[in-house]
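Please read the structure below before turning to the comments.
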Amino acid sequence: MAKGMDEAKEICGRCKQINNEEVFMVEKHDMLVCPKCQTSFFIKGKSPLERYKENWNNNADEIFVLVRPELSQGDLVNPRLFFLYEDCYHTILIGRYNASIIMMGVLLETLMKERINLKLGGYFEGEYGPCLKKIKVERLMDAEDIVFLRWFKNEVRNPYQHANEAEILQGVLVPVWPIQFEGEISLEKLSKAIKDTKSGRLKPKLLPAAEIPAFRSIAKQAYDRKRAIELFNQVYDFLLGAKIKYFKQEEYDEHNKKFGTGLENVEHYKV
Ligand SMILES: [Zn+2]
């Protein structure tokens, strides 16, 4: 579509062809949209930023009330955990659910590392699995918390970290309307099929999303939204519980006495 086309008033081709109706396309950010049938086109050369911002905004309005209330730095004290928590929170608000879930894994892994460092000193490296093992062997957390962390590793962290769609969607059924066209496909046939599915005349078949690669990525979008909200609230509760149980001020004091703060090796200015 050429630039300046929006002023020339486009008529929706679909509405014209199917219903012989002249519906003017309306410009919305970088798109032309038919207000009747929602057919849309991108306008070449226009910035998508305003459209993105509108999506982020609408999404945040919806999600904000479905997840636990925001935390401030003072609620968590530990800045390393706070900034990772913010990564989980802000990505879920703007609708990047997959990113939010992956960040929850990073947050929990880091929470374990902070606990290990607090009690044992040094700087524990290694991934989620080795962290969990260390926590268990050294008895640094309660059994029920270790069970949660292990569940999260197997059910969430591993499949999401490796974008294993088949594993993530195991057992998820998606409604599909398999339609066969006799002869050539035309816009009229397609419109009739859409009408029949919308009216309920054609019933959907429930198919396992994990087994059909063509559906997986699309099905995962809707699935991740629901999953991310549930998981965010679970991880949030775990985080607040852990803050009270495993990051006590007296443990920090003891840590600093035993291992130092790292600042004692810095040459200080004398004032
Ligand atoms: Zn239209």
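A166 falls short on exactly one of the conditions (1) of a type in the set (A, V, I, L, M, F, W, C); (2) part of a helix (DSSP H, G or I); (3) surrounded by fewer than 11 Cβ atoms within 10 Å (Cβ to Cβ), and that condition is (3).
Restricting attention to segment 152-163, the residues that are loosely packed, with under 14 Cβ neighbours inside 10 Å and closer than 20 Å to P213 by Cα add up to 2. Looking across segment 142-163, the residues that are under 24 Å from the mean Cα position of the chain (by Cα) and in a loop (DSSP other than H, G, I, E, B) come down to H162, A163. When R139 is tested against (1) part of a loop (DSSP other than H, G, I, E, B); (2) more than 23 Å from H255 (Cβ to Cβ), only condition (2) is not met.
With the requirement that a residue be touching a strand residue (DSSP E or B) at 6+ places or on another chain (Cβ under 9 Å) and not in a strand (DSSP E or B), what does segment 169-193 give you? L169, Q170, G171, V172, W177, P178, listed by residue number. Of all residues in segment 76-90, those satisfying the criterion of being more than 14 Å from N233 (Cα to Cα) and touching a residue at least 12 places away in the same chain (Cβ under 8 Å) are L76, V77, N78, R80, L81, L84, D87. Give the residues of segment 7-49 that are charged (D, E, K, R), outside any loop (DSSP other than H, G, I, E, B) and within 9 Å of the ligand (Cβ to nearest atom), sorted by residue number. Of everything in segment 7-49, those that are charged (D, E, K, R), outside any loop (DSSP other than H, G, I, E, B) and within 9 Å of the ligand (Cβ to nearest atom) turn out to be R14, K16. Here segment 215-226 is the region considered, the condition is being of a type outside the set (F, W, Y) and either more than 16 Å from N59 (Cβ to Cβ) or buried (at least 20 other Cβ atoms within 10 Å of the Cβ) (or both), and the residue that is farthest from the chain's Cα centre (by Cα) is R216. Pairs meeting the criteria (first residue in segment 179-192 and under 20 Å from N19 (Cα atoms), second residue among the aliphatic types (A, V, I, L, M) and surrounded by 10 or more Cβ atoms within 10 Å (Cβ to Cβ), beta carbons under 7 Å, at least 6 apart or on different chains) are L187/I18; E188/I18; S191/I18. Is it the case, given these coordinates, that K226 is more than 24 Å from H90 (Cα to Cα) and in a helix (DSSP H, G or I)? So K226 fails the test.
Of everything listed in (1) without any contact (Cβ under 8 Å) to a residue 40 or more places away in the chain; (2) surrounded by fewer than 19 Cβ atoms within 10 Å (Cβ to Cβ); (3) more than 22 Å from the chain's Cα centre (by Cα), the single unmet condition for I135 is (2).
Since every read-out is calculated from the coordinates, none of them should be taken as a lab result. Since we're looking at a predicted model, the values are computed, not measured. Methodologically, a virtual Cβ is constructed for each residue, glycine included, from the backbone with ideal geometry; neighbour enumeration extends over all protein chains shown.
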